[in-house]
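The values are calculated or read from the model by the stated rules, or taken from the named source; none is laboratory data. Please read all numbers here as calculations on a predicted model, not as lab measurements. Note that each Cβ is placed from the backbone with ideal geometry, even for glycine, and that neighbours are counted across all protein chains shown.
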Amino acid sequence: MANWIGVITNAGNSLLNEWVNEKALNFDSAAAGQGIVAEAAMLAQTTLVGQKQTASLLGGERVSAGIRLKLRITAPDTAYTLNQYGVWASVEGGTPAMIALFQHPQGVPIPSKAESPDFVYTFYGLIMCSNTGTWTVTVDTSAVVTAEDLEEAVAGKADQLALAAHEADGVKHVTAAERETLTQGFALLSDDVDTHIARTDNPHGVTAAQVGAVAKTGDTMTGDLTIKKSALPSLNFGTDGAGTATIFKNASSSVEDGLHIKDVDTDGTYAALCIKKIKGLASCLSLSFNGTSYNVYHAGNKPTPADIGAAVKYRYTATIPTGTWTAVSGGGYYKDITVSGITAAMTPCVGVVQTSDAAASELMVEEFANNIRRIETMAGKIRVYTKTDGAIPSVNIPIQLVGTV
């Protein structure tokens with residue numbers, strides 16, 4: 001029935017731990033009773049809450065999850081509600097202890113003998129364990145045998161008789177002499193097979209085409225070829241040494257990292273093309289002549305001015321403002337204007353940025369010419385000086401600073 005809950009008790013776990021080192025476990029007895037305990041308290045139980053009758057052990061069998069026991073009770077003198085089954089076991093004739101407790105919270109009504117004299121209740125209890133040692137069951141020989149039990153026993157006996165007849169049939173079974181001949185023949189055949197398997201000279205003459213392989217003498221591949229090897233391989237064209245060509249992936253710290261295509265002349269000198277990854281760049285080509293590498297510049301790897309010995313051009317813009325300036329001792333004024341990126345080492349050419357408004361442009365040029373004496377570059381700024389007799393500009397003057405370093 002549904003809702004049965006089973007546990008291996010604490011005492012049962014001790015028995016299973018003891019059931020090692022070729023010791024034998026015996027299932028001694030079983031009992032049925034009324035009353036329940038909290039599920040969490042089942043592990044600690046050593047007896048039933050209220051034992052009502054002894055249960056018969058009818059046998060057991062090994063299953064994948066452990067040992068399945070078959071138990072049975074008959075109608076007792078007084079009816080009751082069955083809530084618990086307990087199974088007792090021992091190791092090597094030791095003191096029996098309750099190894100497993102099964103509990104049904106709702107209970108199963110068990111009628112009295114007067115109400116149902118032929119009543120039997122069969123229960124299968126699973127003892128979940130991984131032990132593989134010897135175990136036995138003390139079977140209750142006085143247990144009631146049902147029609148189902150009798151049919152199983154008769155069927156089992158019939159199977160035994162059929163097996164015995166089959167084993168006695170000399171036609172269906174070989175004789176000892178015949179068995180020895182077959183054994184020797186199989187041994188010789190096994191030796192021949194092993195010898196054949198060990199041969200590496202292609203005794204059947206299998207061709208590359210027959211097994212879908214690429215022939216060493218030349219062939220065509222229709223798919224990708226992936227070579228996986230702990231030591232990076234190379235493809236060699238021609239004989240070893242001078243006058244060869246090689247494609248290889250760097251596998252040595254002494255060779256520049258990358259994919260190399262190397263051509264060796266007959267005098268031993270060589271030229272090589274290397275495709276490599278450079279930090280910050282998508283890729284780079286490198287040409288190597290007798291061990292000296294030269295980078296190949298392209299759209300993805302442009303040279304810097306320093307690489308080719310050229311000056312670095314710069315261009316900055318700023319606005320000379322009106323407003324408050326700082327007076328200079330001896331006459332005139334100065335104004336610091338922030339120009340991000342400019343340095344004191346720069347000596348730019350300065351020009352007024354004119355607009356489409358001719359009158360405004362003319363005024364800015366005039367103000368710059370009449371009033372501005374010099375411009376000094378500093379770190380991150382410029383300092384604009386007026387002439388000693390010059391005035392602060394009356395209009396904002398946009399300027400551009402251009403030069404090279």
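Overview of values
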{"item": "Pick from region 90-114, criterion among the hydroxyl-bearing types (S, T, Y) and either touching a Pro at 6+ places or on another chain (Cβ under 8 Å) or in a strand (DSSP E or B) (or both), ranking: farthest from A30 (Cα to Cα)", "result": "S112"}
{"item": "So D263, is it within 30 Å of V296 (Cα to Cα), modelled with pLDDT of 70 or more and in the same structural domain as S286 (by TED's automatic domain parsing)", "result": "yes"}
{"item": "Residue list for region 186-206, filter: assigned to a loop (DSSP other than H, G, I, E, B) and surrounded by 10 or more Cβ atoms within 10 Å (Cβ to Cβ)", "result": "V206"}
{"item": "V144 vs. criteria modelled with pLDDT under 70 and either basic (K, R) or under 15 Å from L58 (Cα atoms) (or both)", "result": "yes"}
{"item": "Condition check for S56: of a type in the set (S, T, Y) and within 47 Å of the chain's Cα centre (by Cα)", "result": "no"}
{"item": "Selected residue (only one of G35, G60, G133, G93 is surrounded by 17 or more Cβ atoms within 10 Å (Cβ to Cβ) and assigned by TED's automatic domain parsing to the domain that holds L15)", "result": "G60"}
{"item": "Answer from L82, L69 - the residue that is out of contact with any helix residue (DSSP H, G or I) (no Cβ under 6 Å at 6 or more places or on another chain), part of a strand (DSSP E or B) and over 18 Å from I8 (Cα atoms)", "result": "L82"}
{"item": "Positions within region 127-136 being in contact with a Phe, Trp or Tyr (Cβ under 9 Å, 6 or more places away or on another chain), closer than 14 Å to V63 by Cβ and in a strand (DSSP E or B), in sequence order", "result": "I127, W135"}
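Yes/no matrix, rows are residues, columns are (1) of a type in the set (A, V, I, L, M, F, W, C); (2) at pLDDT 70 or above:
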| site | (1), (2) |
| --- | --- |
| E152 | no, no |
| Q160 | no, no |
| A168 | yes, no |
| T175 | no, yes |
| L182 | yes, yes |
| D194 | no, yes |
| G205 | no, yes |
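Results for (1) over 20 Å from W135 (Cβ atoms); (2) assigned by TED's automatic domain parsing to the domain that holds G133; (3) among the β-branched types (V, I, T), shown as yes or no for each residue.
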{"site": "V20", "(1), (2), (3)": "no, yes, yes"}
{"site": "A44", "(1), (2), (3)": "yes, yes, no"}
{"site": "L48", "(1), (2), (3)": "yes, yes, no"}
{"site": "T54", "(1), (2), (3)": "yes, yes, yes"}
{"site": "L82", "(1), (2), (3)": "yes, yes, no"}
